[in-house]
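These notes are about the structure you will find just below.
Laboratory data are not the source of any read-out in this text; all were calculated from the coordinates shown. Since the model is a prediction, treat every value here as computed from it, not as a measurement. Here the Cβ positions follow ideal geometry from the backbone for every residue, glycine too, while neighbour counts run over all protein chains shown.
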Amino acid sequence: MNILRAGHDLTVWNRSPEKCKNLRAAGAQVARDMKSLAANVDILFVMLSDDAALQEVVLGANGVLAYLPAGSVLVEMSTVSVAVSAAISEVAKAKKIQYLSAPVSGSVALAAAGELTILASGNHDTYQSLQPVLLAISAAQFYVGEADHARVLKLAINMMVGFSAAMMGEALSLGLKNGLDRTTMLEVMGASVIASPLIGYKLEALKACDYSPMFDVSQMAKDFDLALEAGRDSDTPMPLAALVREGWSALIASGDGKEDFFKYVEMAARSAGLHNE
């Protein structure tokens, strides 16, 4: 929607056609399938849930790389592994298609406001040529290198985001077990040195014990798996990430996989013998 508002021509496709209705009403063209989409655009943005979906949509027999014309640009914005991104880069290069890794950081609300943060890596000239479109959807853009550096940086950031939920869970549990009021603690934390945009964004939901998913537990578990895989591949010890990853497994096992990842706070409280206090 922000690309449209910036005055760019836009064609979209989704395997669930009803998800394109608002964009069509706002002036976007809706492609009948991936082939017709890829064959008729200069720049193609892709954002998918995981490696498997990305491989099917981009690298599959009927994927977009089979139809994108030489000289076009593929901008891949998913949070995925370095390995699948490198595979896409190799195929794109062989087909003379420009490829930019550009995962994003930010909430659903920031996406709607056009205030995402973009982490980009790949050919610098390609990155520079895309500035008018990237500026339409983001408040900050960082070019971080020629290779797949953006993938690793996004995983590192998401890992720290996940740590925040685990940290808040233990801190709140300690306070509650010692008689502190939940709302008071959260207000003080939000005004303390530990405050961050993420904590500020989550404060009201945490006060209300509202875990409506903005980014769910199963998605965070996937990102931790990718981060740990990158750590193994580069011989990087990551004991904290491994420990917190077990927490995501526990939440999924208890039926909370589709809750917001800050449900980690309630898991910590339950472990401390607290129940919705």
Next item on the list: Please tell me which of these pairs span more than 22 angstrom C-alpha to C-alpha: K207/K258; K19/K93; K19/K202?
Entry: K19/K93; K19/K202
Next item on the list: Could you tally the net charge around L119, taking each other residue with its Cβ under 10 Å from the Cβ of L119, Lys/Arg +1 and Asp/Glu -1?
Entry: +2
Next item on the list: State to the nearest 20 debye the size of the charge dipole of the stretch 152-271 about its Cα centre, where the only charges are +1 on K and R beta carbons and -1 on D and E beta carbons.
Entry: 160
Next item on the list: At 10 °C and 1.306 mPa s, grab the translational diffusion coefficient of the chain from Stokes-Einstein with a Kirkwood Rh over Cα pairs, rounded to a whole number in µm² per second.
Entry: 78
Note to self: Using a Gaussian network model on the chain with a 10 Å cutoff between Cα atoms, which of V188, V75, V133 fluctuates the most?
What the structure shows: V188
Next item on the list: Tell me what the chain gives for mean residue ellipticity at 222 nm when only DSSP H runs of n ≥ 4 count, each as -39,500 (n - 2.57), the sum divided by the residue total, rounded to 500 deg cm²/dmol.
Entry: -14500 deg cm²/dmol
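Taking the square root of 5 times each eigenvalue of the Cα gyration tensor, what semi-axes in Å does the equivalent ellipsoid of the stretch 1-158 have, largest first? Present the calculation step by step, with values, prior to reporting the outcome.
Working: eigenvalues 92, 78, 45 Å².
Equivalent ellipsoid of the stretch 1-158: 21, 20, 15 Å, largest first.
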Checklist line | Positive dipole terminus of the chain, leading residue within V41, S78, G63 (C-beta point charges) | finding: V41
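Stretched out fully, how many nm does the piece from A25 to A139 gain, at 0.36 nm a residue minus the Cα gap? Walk me through the numbers on the way to the answer.
Details: separation 114, 0.36 × 114 = 41.04 nm, distance 2.56 nm.
So the chain would gain 38.5 nm between A25 and A139.
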Notebook entry, point to check: On full extension of the chain, what length is gained from F163 through M47, given 0.36 nm per residue of separation minus the C-alpha to C-alpha distance?
Noted result: 39.3 nm
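For K96 and N40, what does the FRET efficiency come to when R0 = 22 Å and r is the distance between their Cβ atoms, rounded to the nearest 0.05?
It comes to 0.80.
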Check: How big is the charge dipole of the chain about its Cα centre, in debye rounded to the nearest 20, if each Lys and Arg gets +1 on its Cβ and each Asp and Glu gets -1 on its Cβ?
Finding: 580
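Rounded to the nearest 5, what is the percent of antiparallel bridges among the DSSP beta bridges in the chain?
Roughly 25 percent of the DSSP beta bridges within the chain come out antiparallel.
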Notebook entry, point to check: If the chain between L198 and D233 were fully stretched, how many nm would it gain, using 0.36 nm times the residue separation less the Cα-Cα distance?
Noted result: 9.7 nm
Checklist line | Highest-fluctuation residue, A94, A120, A66 considered, GNM on the chain with Cα pairs under 10 Å | finding: A94
Margin query: Springs between alpha-carbon pairs under 10 angstrom, Gaussian network model over the chain: which of T11, T117, T236 fluctuates most?
Written below: T236
Item checked: Positive-end extreme of charge dipole, the chain - chosen from S107, I194, S138 (charges on Cβ) -> S138
